[in-house]
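Trainee: Structure in structure tokens, see below.
Any read-out appearing in this document is the output of simple, stated calculations on the displayed coordinates, not a laboratory observation. Note that the structure is a prediction, hence the values are computed from the model and not measured. Note that we place each Cβ from the backbone using ideal geometry, even for glycine, and neighbour counts take in every protein chain shown.
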Amino acid sequence: MPRPFQRVIIETSGVASPEPILDTLLREPWIAKRYSLQQVLTTLAVPSAQEHLERFAEAAAQVTWADKLLLTHADLADAAQQAGLLERLNGLAPGTPKLTVTSGKASIAEIMDRRQTGYRRLPGQGVVAEHGFSALSVYLGQMPSWQHVQTILQDLLERYPDNLLRLKGVVFVPDQDRPIAVQAAAGRLYPPQVLPVDDSKDRRSRLVLIASSGIEVLADELALAFAEYLERNAIRLH
């Protein structure tokens, strides 16, 4: 009988330390007998990576544990930002391959190449400090126009640049017949990406926000901004 799947991909929050998950995967006997860890991939948005490495120990842990570093949104960063980030990464993980992802496209062969692997512990550090990140998710059965959604999200990013670390989601708007992928980090709303046609009947829009503090304030702001589109229990704190 053929196996139902060949590979499992685990995607953590963008501000999570990988160490607890890796510890479970490598030490839990039931899992270790059935799965082998292939590699750890860490993505870094070039325009905001330096700031996150400065502010959060979790970001440095993600870099030092990675088998490959994928540098994204390089087209939105200038030459000085790119050079500064590479210098910082070479200090944290000099032997780790660094691949630039352009417009969301990357070489699958390079990413899946297993020749250079190895786990890197944080030099001279113990347990990574917990920063108490919080998250909320929003589910909307209906949405306003994309321009209206964009205005709401950009306003939140500009007014809460230190609190709102990450925003992502998939939205269905009336002026577009295909779903739109939404991404934002470090106060920047990235250009929307139109996704392939979704044949499922579930056309609810979903947004996830990750914050270092003030998650209740962000929830109240979203409730006010999307008041006429929210269903009961549409905003959930995690």
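Trainee: Suppose every Lys and Arg Cβ carries +1 and every Asp and Glu Cβ carries -1, with no other charges. What dipole size does the range 19-112 come out with about its Cα centre, to the nearest 20 debye?
Mentor: Taking the Cα centre of the range 19-112 as origin, the dipole is about 360 debye.
Trainee: Between beta-carbons, use under 14 Å as the cut-off and find the net charge around residue 144, counting Lys and Arg +1, Asp and Glu -1.
Mentor: Computed value for this residue: -3.
Trainee: Report the FRET efficiency, 1/(1 + (r/R0)^6), for residue 139 and residue 80, where r is their Cβ-Cβ distance and R0 is 45 Å, rounded to 0.05.
Mentor: The calculated FRET efficiency here is 0.65.
Trainee: I'd like the distance separating the alpha-carbon centroids of the range 177-194 and the range 18-59, in whole Å.
Mentor: Taking the Cα centre of the range 18-59 as reference, the centre of the range 177-194 is 24 Å away.
Trainee: Next question, about the same structure. Using the alpha-carbon atoms, what tilt in degrees (0 to 90, nearest 10) does helix 79-92 show relative to the longest principal axis of the chain?
Mentor: Long axis of 79-92 versus the principal axis of the chain: about 50 degrees.
Trainee: Where q = 0.18 Å⁻¹, what log10 of I(q)/I(0) comes from the Debye formula for the range 1-97, counting one point per Cα?
Mentor: Debye intensities relative to I(0), on a log10 scale: -0.86.
Trainee: Sticking with this one: Amide H neighbours of residue 40 under 5 Å, counting only residues 5+ apart in sequence or on other chains, H built in-plane at 1.01 Å?
Mentor: 67, 68
Trainee: Taking every pair of Cα atoms in the chain, average 1/r, invert it to obtain the Kirkwood radius, and report Rg/Rh to two decimals.
Mentor: That ratio equals 0.98.
Trainee: With θ taken as phi - 60° and the coefficients 6.51, -1.76 and 1.60, list the Karplus ³J(HN,Hα) couplings across the range 213-229 in order, rounded to whole Hz; mark glycine and proline as x.
Mentor: 6, x, 5, 5, 5, 5, 4, 5, 4, 5, 4, 6, 5, 10, 3, 7, 10
Trainee: At q = 0.11, 0.20, 0.24 Å⁻¹, what base-10 log of I(q)/I(0) does the Debye formula yield for the range 134-237 when every alpha carbon is treated as an equal point scatterer in vacuo?
Mentor: -0.30, -1.02, -1.46
Trainee: If I take every Cα pair under 8 Å that is 6 or more residues apart in the chain, average their sequence separation and divide by the length, what percent do I get for the relative contact order?
Mentor: Averaging sequence separation for qualifying contacts and normalising by length gives 18 percent for the chain.
Trainee: Next up: What distance in nm separates the simple spin-label points at residue 106 and residue 26, each placed 7 Å from Cα in the Cβ direction?
Mentor: Label at residue 106, label at residue 26, 2.1 nm between them.
Trainee: So for the range 19-112, averaging the separation of alpha carbon pairs under 8 Å that are six or more residues apart and normalising by length, what relative contact order in percent results?
Mentor: Relative contact order for the range 19-112 comes out at 28 percent.
Trainee: Given springs between every Cα pair under 10 Å in a Gaussian network model of the chain, which of 219, 106, 185 has the largest fluctuation?
Mentor: So, out of 219, 106, 185, the one fluctuating most is 106.
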